[in-house]
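Since the structure comes first, as structure tokens, the remarks are kept for the end.
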Amino acid sequence: MVIQKYRVNDIIELKKQHPCGSSRFKIIRVGSTMRIVCEGCSRDMEIDRLKLEKATKKIITSEEEG
């Protein structure tokens, strides 16, 4: 199993959409419990790292977005 490299301010795309319709989230805290913010509605939530790793489609780093 490969451990994902998450960093603060990275944008991630999840497999399932948030109820607001957005599937992109910004990471604001890294650890065993991750804290993410929805890019669509600014909802703040905490999620276990293992659960987030399974739900992540791709990681868009802050440098790639420009």
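The values are calculated or read from the model by the stated rules, or taken from the named source; none is laboratory data. The model shown is predicted, which means the values in this text are computed figures rather than measured ones. Every residue, glycine as well, gets a Cβ built from its backbone with ideal geometry; the counts of neighbours run over all protein chains shown. These accessible areas exclude ligands, DNA and RNA; they are computed on the full protein's heavy atoms, side chains included. Shrake-Rupley method; radii C 1.70, N 1.55, O 1.52, S 1.80 Å.
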Inset, instruction - Enter the accessible area per residue of the chain (Å², integer; probe 1.4 Å; all protein chains in place). - result: 70
Inset, instruction - Determine which residues of the stretch 24-53 fall in the zone a paramagnetic label at Ile60 would reach in this model, i.e. backbone nitrogen under 15 Å from the point 7 Å along Cα→Cβ. - result: 24-27, 37-42
Legend entry - Relative contact order (%) - criterion: Cα under 8 Å, at least six apart; region: the chain: 33
Legend entry - the chain - mean residue ellipticity at 222 nm from DSSP helices (-39,500 (n - 2.57) per run, n ≥ 4, rounded to 500): -3500 deg cm²/dmol
Legend entry - Unmatched cysteines, the chain - criterion: no other Cβ of a Cys under 4.7 angstrom: Cys38
Legend entry - Solvent-accessible area, 1.4 Å probe, carbon plus sulfur percent, for the chain: 48
Legend entry - Stokes-Einstein D for the chain, Kirkwood Rh over Cα pairs, 20 °C, 1.002 mPa s (µm²/s): 181
